[in-house]
1. In the list 24, 83, 53, 66, which residue meets the criterion of being at pLDDT below 60 and surrounded by 10 or more Cβ atoms within 10 Å (Cβ to Cβ)?
2. Can you tell me which residues in segment 32-57 are among the basic types (Lys, Arg) and assigned to a loop (DSSP other than H, G, I, E, B)?
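The values are calculated or read from the model by the stated rules, or taken from the named source; none is laboratory data. Note that this is a predicted model, so its numbers are computed, not measured. Backbone-built Cβ (ideal geometry, glycine too); neighbour counts: all protein chains shown.
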Amino acid sequence: MVYTKGGASAQKENKRVCPRKEKSEQDVQIGVNIGDQAQCPECETIGRVVWVSQDRKTMGVQCRRSHGANTTDSRFGATAVSSTKTKKNVVFLTPAT
């Protein structure tokens, strides 16, 4: 409060809010963001983070190399069948670091 001859008047502090600054402070706490580089869990090459869970515990890493597809869809049981086909840009779900 500031007292003047005419009476009391309250002054408010003008605080500037910078949304970019708040966002950058949150990013420092998180650790993993979409677009960051991460290691592929299968071939140990550098991939790209394309998905992060809401609780920030799981991330999806997309690898550019070709990986063999293991399918479990079979009419004769749930056995893993190795395929000779390979797929590029496979996304692996891994724990976030």
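1. On the way: 83 fails: at pLDDT below 60; 53 fails: at pLDDT below 60; 66 fails: at pLDDT below 60.
Being at pLDDT below 60 and surrounded by 10 or more Cβ atoms within 10 Å (Cβ to Cβ) holds for just one of 24, 83, 53, 66, which is 24.
2. Within segment 32-57, the first condition is being among the basic types (Lys, Arg), and the residues that meet it are 48, 56-57.
Correct list: 56, 57.
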